[in-house]
Amino acid sequence: DVKVTQSSRYLVKRTGEKVFLECVQDMDHENMFWYRQDPGLGLRLIYFSYDVKMKEKGDIPEGYSVSREKKERFSLILESASTNQTSMYLCASSPILDNEQFFGPGTRLTVL
Amino acid sequence: LAKTTQPISMDSYEGQEVNITCSHNNIATNDYITWYQQFPSQGPRFIIQGYKTKVTNEVASLFIPADRKSSTLSLPRVSLSDTAVYYCLVGDHNQGGKLIFGQGTELSVKP
């Protein structure tokens with residue numbers, strides 16, 4: 001079974017802090033994704049990566065950056081956390097040429 | 001990327017068949033239609049995917065008419081555990097999976 005793990009289920013940070021959210025997948029998938037999910041808005045794509053060191057902006061990249069130094073790991077970085085970044089963050093991976101994405105359990109981030 | 005429209009919520013009772021229809025008027029030739037299920041406090045889970053006509057697996061069926069401008073997810077004999085949010089997505093099968101999630105349909109199954 002494909003497994004996507006995220007470093008934390010719950011995280012509380014203060015405004016202005018630098019925040020790292022880590023995601024690891026164990027199926028050698030080419031593609032990895034970061035979404036945020038907010039009530040009434042569904043899932044919105046922040047960034048995705050189709051290869052090591054490659055990244056593409058999603059629909060809402062402002063205030064975020066990403067890093068993919070190894071194929072299995074995709075990090076989401078909040079350079080200076082703000083209260084409007086309080087959300088559920090979901091990581092996913094997928095094989096190339098396939099639309100099935102495998103999601104992690106999510107990280108609920110609260111920025112105070 | 002094609003935009004999808006689906007009902008915000010639906011109610012059903014245990015044992016009934018539930019059909020959730022999704023509109024995707026601007027679907028492109030290379031787009032596939034994919035449905036995901038999400039339970040509270042969990043990430044979405046892939047249910048089914050299709051390109052045309054009918055696809056069936058152990059969980060659901062997907063009906064796609066010839067013009068592909070809509071699709072219907074059919075859940076046979078739902079149970080309480082099928083209460084979840086269901087998302088319809090369309091995306092290019094050759095793009096390696098950049099998909100847009102809409103708001104989804106919140107299905108509530110009652111005893």
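The values are calculated or read from the model by the stated rules, or taken from the named source; none is laboratory data. Everything numeric here is computed off the predicted structure, so don't read it as measured data. Virtual Cβ from ideal backbone geometry, glycine too; neighbours counted across all protein chains shown. Remember, those area values only see protein heavy atoms, side chains included, never the ligands or the DNA or RNA. Shrake-Rupley method; radii C 1.70, N 1.55, O 1.52, S 1.80 Å.
What order, most packed first, do the peptides B:31-41, A:57-67 have when packing is the mean number of other Cβ atoms within 10 Å of each residue? Could you put the intermediate results ahead of the total?
Numbers: B:31-41: 19.5, A:57-67: 15.1.
My ranking of the peptides, most packed first, is B:31-41, A:57-67.
Normalising the Debye intensity of the protein assembly as shown to I(0), with uniform scatterers on Cα atoms only, and taking log10 at q = 0.10, 0.16, 0.18 Å⁻¹ returns -0.45, -1.09, -1.31.
Before I look further, what does chain A give for accessible area per residue, probe 1.4 Å, in whole square angstrom?
48 Å²
Taking one quarter of the surface of the convex hull spanned by the alpha-carbon atoms of chain A gives a direction-averaged projected area of 6.5 nm². Here the calculated FRET efficiency for B:ALA66 and A:THR110, from their Cβ-Cβ distance with R0 = 35 Å, stands at 0.15, rounded to the nearest 0.05. Distant-in-sequence amide contacts of A:VAL52, defined by a placed amide H-H separation under 5 Å and a gap of 5 or more residues or a different chain, comprise nothing.
The residues of the stretch B:33-50 occluded by other protein chains by 20 Å² or more of accessible area, set against the chain on its own, are B:TYR36, B:GLN38, B:SER41, B:GLY43, B:PRO44, B:PHE46, B:GLN49; surface from heavy atoms, 1.4 Å probe. The relative contact order of chain B comes to 37 percent, based on Cα pairs under 8 Å that sit 6 or more residues apart. Here's the list of aspartates and glutamates a cross-link from A:LYS71 could span, going by alpha-carbon distance under 19 Å and ignoring same-chain residues fewer than 8 apart: A:ASP1, A:GLU22, A:ASP26, A:ASP28, A:GLU30, A:ASP51, A:GLU56, A:ASP98, A:GLU100.
Sorting A:43-52, A:4-13 by their mean Cβ neighbour count within 10 Å, with the most densely packed peptide first, gives A:43-52, A:4-13. Interface between chains B and A: roughly 1800 Å² of accessible area buried, both sides summed (probe 1.4 Å, protein heavy atoms only). Take each residue in A:40-49, count the other chain C-beta atoms within 10 Å of its C-beta, and the mean is 4. The value given for chain B is a Kirkwood hydrodynamic radius of 14.0 Å, derived from the mean inverse Cα-Cα separation.
Considering only alpha-carbon pairs that sit under 8 angstrom and 6 or more positions apart, the relative contact order computed for chain A is 36 percent.
For the protein assembly as shown, carbon and sulfur atoms together expose 49% of the accessible surface, with a 1.4 angstrom probe and every protein chain in place. With the simple spin-label model, which puts each label point 7 Å out from Cα in the Cβ direction, the A:SER67 to B:GLN42 separation comes to 3.3 nm.
Quick one: of B:LYS3/B:LYS52; A:LYS57/B:LYS3; A:LYS55/B:LYS69; A:LYS57/B:LYS52; A:LYS3/A:LYS53; A:LYS3/A:LYS70, which pairs are farther than 25 Å apart, Cα to Cα?
A:LYS55/B:LYS69; A:LYS57/B:LYS52
Normalised per residue, the accessible area of chain B is 50 Å², obtained with a 1.4 Å probe and no contribution from ligands, DNA or RNA. Counting charges near A:LYS13 (Lys, Arg +1; Asp, Glu -1) among other residues having Cβ under 14 Å from its Cβ returns a value of +1.
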